[in-house]
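Below you'll find the structure, written out as structure tokens, and then a few comments.
Every read-out reported here was derived from the displayed coordinates using simple, explicitly stated rules and does not represent laboratory data. As the structure is a prediction and not an experimental result, all values here were calculated from the model. Neighbour counts run over all protein chains shown; Cβ positions are idealised from the backbone, glycine included.
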Amino acid sequence: MSKRTVVIILFLFSFWSVAAIQKDPDLWGMFAKTRFVEKLNRELNMYFLYPSFPDELKAMEGKIVSVSGFYIPLDIATSNYAVLSKFPMAECFFCGGAGPETIVVGKLKTKPSRRIKTDEIITIKGKLKLNSEDVEEMNFILEEAVIVAN
């Protein structure tokens, strides 16, 4: 085998190896591209922020994705939900000055096997659902979710 052939084989091998590793998309970056418009909800007679999702995020809807973030506890200790924030609780949408694009909820298949601490960084994986109408739900939802790292 010539030196040139070996170089070509090594190049192709390294290219295929990198191509085989699929990195999850930067969901927080895509969430940040979502624009919100304040509109009146006639049913509740209140104004709410309604999202306009970017096309690249719409293309991810229904696909299995994962996202890592700071765990935000719910009042219900036995909940099947995991709320993640891009920022620690002191800076999150609920307590700090961040926007709704910094929060995602995972609807877990099963309850966590242990108590997760506030601001603990965890990763959840699930099917992405975008919510633009139901003001009682979050805008970014991972359905059939599982905690994959913590």
Check your understanding: Could you give the nm distance between label points at Ile116 and Ser52, where each point is 7 Å from its Cα heading toward the beta carbon?
Key -> 3.2
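For Asn45 and Lys109, calculate 0.36 nm times their separation in residues minus their Cα-Cα distance, and state this gained length in nm to one decimal. Write down the numbers at each step before the final one.
Working: separation 64, 0.36 × 64 = 23.04 nm, distance 3.44 nm.
Gain on extension, Asn45 to Lys109, equals 19.6 nm.
Would you list Lys111, Lys125 from fewest to most Cβ contacts within 10 Å?
Values: Lys111 12, Lys125 17.
The most exposed by this proxy come first: Lys111, Lys125.
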Study note, to complete from the structure: Interchain or sequence-distant (5+) residues whose placed amide H lies within less than 5 Å of the amide H of Phe53 are none
Review point. Say each of Ile64 and Val135 gets a label point 7 Å from the Cα, pointing the same way as Cα to Cβ; how far apart are those two points in nm?
Key: 3.6
Check your understanding: In a shell of Cβ-Cβ distance under 11 Å around Ala32, excluding Ala32 itself, what net charge do Lys and Arg (+1) and Asp and Glu (-1) give?
Key -> +1
Practice item. Please report Leu108, Leu130, Leu40 as a ranked list, fewest other C-beta atoms within 10 angstrom at the top and most at the bottom. Key: Leu40, Leu130, Leu108
Exercise for review: Any of Lys33/Lys86; Lys39/Lys109; Lys39/Lys107 with alpha carbons more than 25 Å apart? Name them for me.
Suggested key: Lys39/Lys109; Lys39/Lys107
Practice item. Describe numerically, in nm with one decimal, the distance between label points set 7 Å from Cα along Cα→Cβ at Glu143 and at Glu91. Key: 3.3
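Which whole number in µm²/s is D for region 23-149 by Stokes-Einstein, with the Kirkwood Rh taken over Cα pairs at 10 °C and 1.306 mPa s? Could you put the intermediate results ahead of the total?
On the way: Rh = 15.0 Å.
Translational diffusion coefficient: 106 µm²/s.
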Review point. Can you pull the three principal axis extents for the Cα set of region 101-150, in Å, largest first?
Key: 33, 21, 15
Exercise for review: Sort out for me the Cα centre separation of region 28-75 from region 112-135, rounded to whole Å.
Suggested key: 13
